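Read-outs throughout are calculated quantities, based only on the coordinates presented, and are distinct from any laboratory measurement. These numbers come from a predicted model, not from an experiment. Methodologically, a virtual Cβ is constructed for each residue, glycine included, from the backbone with ideal geometry; neighbour enumeration extends over all protein chains shown.
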Amino acid sequence: MAIDDLQPLSFVLARLLEPLSSALERADRGAAAILTELTLVRSPADTPRAHVRRLELPAPIRDARVLRTLILLDLESHPPPAGIDRVAVRIEPTPGRIVQFSLLERAGPQPETIATLIARLSALMGEGRVGSPVLLDSHAPDACALEPFGNTLRQNQLPEPGTACGTPCRNRLAEPACVASVSPWSRAWS
């Protein structure tokens, strides 16, 4: 019997992901990437027989509900062209995430929450319409583009003294000053 909707597929994915999640938990691992292979029901010759989707995860995730939600949101954005006959899920394991919170700073959002939010926004807005705005090197007043989240300045990639994000500053003061934008996802430095 073929699966034509995402709701029955959700139950199948739950049955597939629960043992994988418990195996990851026992091995103290997390999924770095998910490969979903859907074998489609035979249909006209112009339709492919398989529908394969790969999701790169921002952090090691082992929660079965989060993995299922991410797969379903991806399949909602990229639906298979025909009914589904078989489902196979493969994961690429990676060492588990070690989190140590600070006593002086508020805890940030979990990577699972951020990944789910970005997947929901991508499903709602469309592929390539969610990201961080980046100015283009152009004279056009509205020249900008979107780049995927995570490719911006990170705390380990601080600019060199005397530069502002790669652009040389003028050293008119006795002590060089540097101006850099700080996103809410990175630490501020002095």
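Structure values in brief
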read-out: Burial order of peptide ranges 103-114, 132-143 (average beta-carbon count within 10 Å, highest first); value: 103-114, 132-143
read-out: Rg/Rh for the range 64-120, where both radii come from Cα atoms and Rh is the Kirkwood radius; value: 1.11
read-out: Gain in span if fully extended, R65 to L104, counting 0.36 nm per residue against the direct Cα distance; value: 10.9 nm
read-out: Nitroxide proxy distance, nm - points 7 Å out along Cα→Cβ at D142 and L117; value: 2.8 nm
